[in-house]
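Chemist: What follows is a single structure, and I will ask about it in a moment.
The values are calculated or read from the model by the stated rules, or taken from the named source; none is laboratory data. From a predicted model like this one, the values you see are computed outputs, not experimental measurements. With ideal geometry, Cβ positions are generated from the backbone for all residues, glycine too; neighbour counts draw on all protein chains shown. The accessibility values were calculated without ligands, DNA or RNA, using every heavy atom of the protein model including side chains. Shrake-Rupley method; radii C 1.70, N 1.55, O 1.52, S 1.80 Å.
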Amino acid sequence: MKIVVLVKQVPDSGADRNLRSDDNTVDRASASNVINEMDEYAIEEALSLQEAHGGEVVVLTVGPDRATESIRKALSMGPDSAVHVVDDALHGSCAVATSKVLAAAIAQQQADLVICGAESTDGRVQVMPHMIAERLGIAALTGARKLTVEGSTLTIERQTDEGYEVVTASTPALVSVWDTINDPRYPSFKGIMAAKKKPLQTLSLGDLGIAAGEVGFEGSTSAVVEHSKRPPRQAGNKIDAGDDGGSKLVEYLASEKFV
Amino acid sequence: MAEVLVVVEASQGAVKKVTLEMLTLARTLGDVSAVVLGGSAAAVADKLGEFGASKIYAAESEDLDGYLVAGKATVLASLIQRVSPAAVLVASSQEGKEIAGRVAVKLDNGLLTDVVALDAEGVATQVVFAGSTIVKSKVSKGLPIVTVRPNSLTPTPSPATPSVEQVEVALTDKDKLAKVVERKVEAKGARPELAEASIVVSGGRGVGSADNFKLVEELADLLGAAVGASRAAVDSGFYPHQFQVGQTGKTVSPQLYVALGISGAIQHRAGMQTSKTIVAVNKDPEAPIFELADFGVVGDLFKVVPQAAEEIRKRK
Ligand SMILES: Cc1cc2nc3c(=O)[nH]c(=O)nc-3n(C[C@H](O)[C@H](O)[C@H](O)COP(=O)(O)OP(=O)(O)OC[C@H]3O[C@@H](n4cnc5c(N)ncnc54)[C@H](O)[C@@H]3O)c2cc1C
Ligand SMILES: Nc1ncnc2c1ncn2[C@@H]1O[C@H](COP(=O)(O)O)[C@@H](O)[C@H]1O
C-alpha cells in the first residue's frame with residue numbers, strides 16, 4: 001500500500017501570529033513555523049499502518065521554500081520520502097486553488113491512501129480533505145478518531161455532536177484524522193540523521209501541468225480585503241476569594257442578569 | 001429581491017439554532033429560501049417559516065442520509081446553478097464546511113468559512129488567530145458561499161408561510177463512496193449544545209479528576225449552561241473530547257463563559273475569546289485567564305464553586 005501524508009507548515013499557534021500588512025497573507029517570514037499539529041497525527045497513523053501492512057509512506061507539502069524544515073522534521077519521524085511543491089506563483093492562493101495543486105500532486109503519486117490532518121491551525125478551514133477528494137473522485141473519510149484497514153476496505157469512527165458515526169469506503173481514499181486518534185512518536189536521533197538523506201523531490205507548477213494563472217492571487221476565488229488587530233480584552237475586577245468568593249461571584253452574575 | 005439560500009442544519013428532526021441565525025442574517029440580504037438536504041422537510045417547515053423562509057427546497061432521500069456529504073454537495077451545487085442565488089449560507093459545522101468545500105470546487109467558486117457577519121456587498125467578517133485578528137474578505141469568483149459560525153448573531157422571528165418545492169436527488173456512484181454504516185447517538189441529557197449555548201461553564205486541569213467534574217456540571221445545570229473542558233482536562237480523561245473548547249476543539253461565543261481551574265493558554269483562548277462576558281476562578285493570581293476575565297476570583301475552586309452553587313439555589 002502506498003500512503004501519501006499531507007503535511008502543512010503553519011505559524012506556531014502558541015506564538016504571536018500576524019497577517020502581512022502589504023498583501024493580507026499569513027506572515028510566515030517573521031513567525032516561528034512548525035508542522036501543523038494534526039498532521040503529526042496523520043504521519044503517525046500512516047507509519048503504524050505501514051508497520052502493520054507494509055508499503056511506502058510519502059510526505060507531500062505545498063508551500064514556500066522554508067517548508068523544507070518541516071518536511072525534514074516529518075521525515076525524521078519515519079516516512080520514506082517527500083514531495084515538495086514550491087513555486088513563487090503559489091503565493092496568495094486560496095483553499096480552492098491550493099486543493100487543485102494538492103490533488104494534481106497526489107494523482108501523480110498514484111497513492112492507495114491519502115492521510116491528512118482534519119484541520120490546519122492557521123486557517124482552521126477544515127475543507128481541504130473534501131476539496132481534494134472531490135477533485136480526485138475518491139472517498140473522503142473525515143475527522144477520524146479511529147481507522148482500521150482490512151484489505152482494500154477502510155473503516156473509520158468519527159465523532160459527531162450527537163455521538164459518533166462509523167463510515168466505510170474502499171481504496172483509493174482519503175482519511176483526515178483528529179488529534180484523538182493516536183499519540184505521535186517523537187523522532188529518534190537515528191531518525192533525525194536518516195531524514196537528512198531521504199529523497200526529497202521538488203516540483204514546480206509546470207511539473208504538475210498547472211498554469212501560474214490558475215493559482216496565486218490571480219487564480220484565487222476569494223481574497224482578504226483588509227485586516228486589523230482586535231483590541232485586546234480588558235481585564236476586569238479580580239478579587240481574592242477570602243471566605244465569600246462564591247457569594248461574590250454570584251453577586252456579580254446577578255448584577256449581569258445571569259442569575 | 002434576490003434569493004438567498006440557507007442550508008438547514010438539523011438534528012433528529014429539530015432545527016439547530018445556527019439555522020435560525022442564518023435565516024435572520026439572510027433576511028438582511030434578500031428573499032430567504034431554506035434548503036433541506038436529507039432528513040424530513042415537513043418536520044422543520046414550521047420553524048423555518050417562523051424565522052422568515054418564504055420557500056423551502058426539499059431534497060429528501062435515504063441516499064443523502066446514508067453517505068457522507070458528497071451527495072448533499074451535488075444536490076446543492078445543481079440547485080445553485082438553477083436558481084442563481086445572491087448568496088449561500090451554510091453552518092460552520094464539520095458537515096457544513098465539508099458540503100460548502102465540495103460545492104466550491106464543483107462550481108469553481110470562492111468560499112469563506114467561519115464567518116461572523118456578511119454585508120449586502122458580500123464582505124464577510126472573520127475572526128482568526130485565536131481571536132486576535134479581524135479579517136474582512138470577499139469572494140472574488142462566483143457568488144458568496146459562506147459558512148456561518150454559531151452564536152454570531154441573535155435570531156429573531158419574522159413569520160412567513162413557506163412554499164415547499166421538492167428537489168430531485170440525482171446521485172452518481174461518486175456520491176456514494178463513503179457509506180455510513182452506523183450512527184450512534186449518545187445520551188446527552190438536558191444540557192444545551194456546547195457551540196450553541198448562551199452560557200458555558202468549563203473545567204480545566206485544576207478540577208483534578210473526572211469525579212470532580214460533577215462540580216462543574218452542577219454549576220452548569222444551575223445556570224442552564226453547557227459544560228466545556230480544556231484540553232488538559234480532556235487529555236487527563238476528566239471529560240469527553242467532544243466537550244473540548246479551543247483550537248483543536250469547539251469554538252464557543254456565549255453570553256457568559258465561566259472558566260474553572262483553567263490557566264488560559266493561547267490555544268484555549270482561541271476557542272472562547274469572543275465570549276461576551278468571561279468569569280474565571282483560579283488559585284493562581286498570575287494565571288493568564290485573568291487577563292481576559294471581566295470578573296476573576298483568586299481562590300480554590302473546591303471552596304468557591306460549591307458556595308456559588310449554594311448561593312444560586314438560595315436565590316431561586
Ligand atoms: C496545537 C495545540 C492545540 C491545542 N488546542 C487546545 C484546545 O483546543 N483547547 C485547550 O484548552 N487547550 C489546547 N491546547 C493546550 C493548551 O496549550 C494548554 O496546555 C491547555 O489549555 C491547558 O489546560 P488547563 O488550563 O486546564 O491546564 P493548566 O494550564 O495546567 O492549568 C490549570 C489551572 O488550574 C489552576 N488550579 C489548579 N488547582 C486549582 C484549584 N483547586 N482551584 C482553582 N484553580 C486551580 C492552576 O492555577 C492552573 O492555572 C493546545 C495546544 C497545542 C500545542
Ligand atoms: N499547503 C498544504 N500542503 C500540504 N497539506 C496541506 C496543505 N493545506 C492543507 N493541507 C492538509 O489539509 C489538512 C486540512 O487543512 P485545512 O483545510 O487548511 O484546515 C491539513 O491538516 C493538511 O494535512
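Chemist: Using 1/(1 + (r/R0)^6) with R0 = 35 angstrom and r between the beta carbons of residue A:152 and residue B:283, what's the FRET efficiency to the nearest 0.05? Please list the in-between numbers first.
Modeler: Numbers: r = 54 Å, r/R0 = 1.55.
The pair residue A:152/residue B:283 has a calculated efficiency of 0.05.
Chemist: Working only with C-alpha atoms, what are the Rg and Dmax values of chain A, expressed in angstrom?
Modeler: When restricted to the Cα atoms of chain A, Rg and Dmax are 21.5, 71 Å.
Chemist: 5 Å is the cut-off here: which amide hydrogens, built 1.01 Å from N in the peptide plane, fall below it relative to residue A:19, excluding neighbours closer than 5 in sequence?
Modeler: Those lying under 5 Å, H to H, from residue A:19 are A:27.
Chemist: Could you tell me which of rounded, prolate or oblate describes region B:155-303, using a ≥ b ≥ c as the square roots of the eigenvalues of the alpha-carbon gyration tensor, with rounded for a/c under 1.5 and, failing that, prolate when a/b is larger than b/c and oblate otherwise? The partial results should precede the final answer.
Modeler: Numbers: a/c = 2.35, a/b = 1.79, b/c = 1.32.
It is prolate, given that a/c is not under 1.5 and a/b is the larger ratio.
Chemist: A further question on this structure: Cβ under 14 Å from residue A:49's Cβ, residue A:49 left aside: what net charge do those residues give with Lys, Arg +1 and Asp, Glu -1? Can you show the working numbers first?
Modeler: Numbers: positive: A:2, A:146, A:185; negative: A:44, A:45, A:51, A:56, A:80, A:112, A:150.
The answer is -4.
Chemist: Roughly how many percent of the accessible protein surface of the protein assembly as shown is carbon and sulfur, given a 1.4 Å probe and a whole-percent answer? Mind showing how you got there, number by number?
Modeler: Numbers: 11150 of 22720 Å².
Its accessible area is 49 percent carbon and sulfur atoms.
Chemist: Also, I was wondering about something else. Using a Förster distance of 25 angstrom, determine the FRET efficiency expected from the C-beta separation of residue A:239 and residue B:316, and round it to 0.05. Please list the in-between numbers first.
Modeler: On the way: r = 24 Å, r/R0 = 0.95.
Between residue A:239 and residue B:316 the formula returns 0.60.
Chemist: Find the eigenvalues of the gyration tensor of the Cα atoms of region A:1-141, then list the square roots of 5 times those eigenvalues as equivalent ellipsoid semi-axes, largest first, in whole angstrom. Working shown, then result.
Modeler: Details: eigenvalues 121, 58, 34 Å².
Listed largest to smallest, the semi-axes of region A:1-141 are 25, 17, 13 Å.
Chemist: Debye calculation, C-alpha points only, no solvent: report log10 I(q)/I(0) for region B:134-193 at q = 0.18, 0.19, 0.21, 0.29 Å⁻¹, in the same order as the q values.
Modeler: Per q value, in the given order, log10 I(q)/I(0) is -1.28, -1.21, -1.10, -1.20.
Chemist: For the Cα atoms of chain B, what angle does the longest principal axis make with the long axis of helix B:70-83, in degrees from 0 to 90, nearest 10?
Modeler: Compared with the principal axis, the helix lies near 60 degrees.
Chemist: Next question. Please compute the average number of Cβ atoms from other chains found within 10 Å of each residue's Cβ in peptide A:224-232. Mind showing how you got there, number by number?
Modeler: Details: counts 8, 7, 5, 8, 4, 4, 10, 1, 5.
Mean shielding by partner chains, rounded to a whole number: 6.
Chemist: Dipole of region A:14-75 (Lys/Arg Cβ +1, Asp/Glu Cβ -1, origin at the Cα centre): which of A:60, A:70, A:48 lies farthest to the positive side?
Modeler: With unit charges placed on the Cβ atoms, the residue in question is A:70.
Chemist: Let me ask you something else. How big is the accessible area of residue B:314 in square angstrom, nearest 10, if you roll a 1.4 angstrom probe over the protein chains?
Modeler: Only protein atoms counted, so the area is about 140 Å².
Chemist: Please compute the Kirkwood hydrodynamic radius over region B:30-170, one decimal place, Å, based on all pairs of different Cα atoms.
Modeler: The answer is 15.8 Å.
Chemist: What does the accessible area per residue of the protein assembly as shown come to in Å², with a 1.4 Å probe and no ligands, DNA or RNA counted? Kindly include the intermediate steps, with their values, before the conclusion.
Modeler: On the way: 22720 Å² over 575 residues.
Ligands and nucleic acids excluded, the result is 40 Å² per residue.
Chemist: Would you mind checking A:2/A:198; B:47/B:179; A:146/B:250; A:100/B:17 for any pair whose Cα atoms are more than 23 angstrom apart?
Modeler: Beyond 23 Å: B:47/B:179; A:100/B:17.
Chemist: In debye to the nearest 20, how big a dipole does region A:75-218 give about its Cα centre with +1 on each Lys and Arg Cβ and -1 on each Asp and Glu Cβ?
Modeler: On the way: 11 positive and 17 negative charges, 121 e Å.
My answer is approximately 580 debye.
Chemist: What percent of all Cα-Cα pairs in region A:1-78 falls into each 5 Å bin, going from 0 up to the bin containing the maximum distance?
Modeler: So the P(r) values, bin by bin, are 3, 15, 24, 20, 15, 10, 7, 4, 2, 0.
Chemist: Please give, to one decimal in nm, the separation of the simple spin-label points placed at residue B:255 and residue B:291, each 7 Å out from Cα toward the Cβ.
Modeler: For residue B:255 paired with residue B:291, the spin-label model returns 2.9 nm.
Chemist: Right, next: Out of all DSSP beta bridges with both ends in the protein assembly as shown, state the antiparallel percent to the nearest 5.
Modeler: Values: 41 of 114 bridges.
Antiparallel bridges: around 35 percent, rounded to the nearest 5.
Chemist: Cross-link candidates for residue A:196: which lysines have Cα within less than 20 Å, leaving aside residues fewer than 8 places away along the same chain?
Modeler: Within the straight-line cut-off, residue A:196 pairs with A:8, A:73.
Chemist: Need one number: buried accessible surface between chains B and A, 1.4 Å probe, both sides summed, DNA, RNA and ligands left out, in Å² to 100.
Modeler: Values: alone 15460 and 14560 Å², together 22720 Å².
Chain pair B/A: roughly 7300 Å² of buried accessible area.
Chemist: Run through the DSSP bridge list for chain B and note the antiparallel percent, rounded to the nearest 5. If you can, show how the numbers build up before the last one.
Modeler: Values: 11 of 54 bridges.
Antiparallel bridges: around 20 percent, rounded to the nearest 5.
Chemist: For residue A:201, list long-range residues whose amide hydrogen, built 1.01 Å from N in the peptide plane, is under 5 Å from its own amide hydrogen.
Modeler: A:82, A:83, A:84
Chemist: Want the number for residue A:251 to residue A:189: 0.36 nm per residue separation, take away the alpha-carbon distance, what's left? List each step's numbers first, then the result.
Modeler: On the way: separation 62, 0.36 × 62 = 22.32 nm, distance 5.67 nm.
Stretched fully, the residue A:251-residue A:189 segment lengthens by 16.6 nm.
Chemist: Give the Debye-formula value of log10 I(q)/I(0) at each listed q (0.09, 0.11 Å⁻¹), with one equal scatterer per alpha carbon of the protein assembly as shown, two decimals each.
Modeler: Per q value, in the given order, log10 I(q)/I(0) is -0.69, -1.05.
Chemist: In region A:78-98, which residues have a backbone nitrogen under 17 Å from the label point lying 7 Å from residue A:197's Cα in the Cα-to-Cβ direction?
Modeler: A:78-82
Chemist: Also, I was wondering about something else. Enumerate the residues in region A:26-68 having an amide nitrogen under 16 Å from the point lying 7 Å beyond the Cα of residue A:81 toward its Cβ.
Modeler: Within reach of a label on residue A:81, which here means backbone N under 16 Å from a point 7 Å along Cα→Cβ, region A:26-68 contributes A:55-61.
Chemist: Is the shape of region A:127-223 rounded, prolate or oblate, going by the alpha carbon gyration tensor and its root eigenvalues a ≥ b ≥ c, with a/c under 1.5 for rounded and a/b larger than b/c for prolate?
Modeler: Since a/c reaches 1.5 but b/c is at least a/b, the shape of region A:127-223 is classed as oblate.
Chemist: Ok, one more. How large is ³J(HN,Hα) for each residue in region A:55-62, as worked out from phi by the Karplus curve 6.51 cos²θ - 1.76 cosθ + 1.60 (θ = phi - 60°), to whole Hz, x for Gly and Pro?
Modeler: Values per residue, Gly and Pro as x: x, 9, 10, 10, 8, 10, 10, 10 Hz.
Chemist: Over every pair of different alpha-carbon atoms in region B:255-316, take the mean of 1/r and invert it; report that Kirkwood radius in Å. Numbers along the way, then the final one.
Modeler: Values: mean 1/r = 0.0829 Å⁻¹.
Mean inverse Cα-Cα distance, inverted, gives 12.1 Å.
Chemist: Along the principal axes of its C-alpha atoms, what lengths does chain B span, in descending order and rounded to whole Å?
Modeler: 61, 41, 38
Chemist: Translational D (Stokes-Einstein, µm²/s) of region B:1-44 at 37 °C and 0.692 mPa s when Rh comes from the Kirkwood sum over C-alpha pairs? Intermediate results must be reported in sequence, preceding the final value.
Modeler: On the way: Rh = 10.7 Å.
Translational diffusion coefficient: 308 µm²/s.
Chemist: Ok, one more. Compute the long axis of helix B:41-50 from its Cα atoms, compare it with the longest principal axis of the Cα atoms of chain B, and write down the angle in degrees, 0 to 90, nearest 10.
Modeler: So the inclination is approximately 70 degrees.
Chemist: Next question, about the same structure. Which value results when the Cα radius of gyration for region B:219-295 is divided by 2.2 N^0.38 Å? Don't jump to the answer; show the numbers that get you there.
Modeler: Working: Rg = 11.5 Å, N = 77, 2.2 N^0.38 = 11.5 Å.
Working it through for region B:219-295, the quotient is 1.00.
Chemist: Given R₀ = 30 Å, what would the calculated FRET efficiency be for residue B:46 paired with residue A:230, taking r from the Cβ atoms and rounding to 0.05? Please list the in-between numbers first.
Modeler: Numbers: r = 39 Å, r/R0 = 1.29.
Efficiency, rounded to the nearest 0.05: 0.20.
Chemist: For a quick check: with amide H placed at 1.01 Å from N, whose amide H comes under 5 Å from residue A:221's, ignoring anything fewer than 5 positions away on the same chain?
Modeler: A:94, A:96, A:97
Chemist: Charges on Cβ only, +1 for Lys and Arg, -1 for Asp and Glu, centred on the Cα centroid of region A:64-222; of A:123, A:85, A:194, which one is farthest towards the dipole's positive end?
Modeler: Of the listed residues, the answer is A:194.
Chemist: Something else: Count the net charge of all other residues whose Cβ sits under 9 Å from the Cβ of residue B:114, scoring Lys and Arg as +1 and Asp and Glu as -1.
Modeler: Details: positive: A:124, B:97, B:149; negative: none.
Combined, the nearby Lys, Arg, Asp and Glu give +3.
Chemist: Something else: How far apart, in nm, are the 7 Å Cα→Cβ label points at residue A:166 and residue B:2?
Modeler: Once both label points are built, they end up 4.7 nm from each other.
Chemist: So, one more: Stretch residue B:181-residue B:241 to full length: gain in nm at 0.36 nm per residue minus the Cα-Cα span?
Modeler: Values: separation 60, 0.36 × 60 = 21.60 nm, distance 2.23 nm.
Stretched fully, the residue B:181-residue B:241 segment lengthens by 19.4 nm.
Chemist: Oh, and also: Taking every DSSP beta bridge that has both residues in region A:132-219, what percent is antiparallel when rounded to the nearest 5? Write down the numbers at each step before the final one.
Modeler: Values: 13 of 17 bridges.
If we restrict to bridges inside region A:132-219, about 75 percent are antiparallel.
Chemist: Dipole size in debye (nearest 20) for chain B around its Cα centre, Lys and Arg Cβ +1, Asp and Glu Cβ -1?
Modeler: Details: 33 positive and 36 negative charges, 68 e Å.
Using Cβ point charges on Lys, Arg, Asp and Glu, chain B gives about 320 debye.
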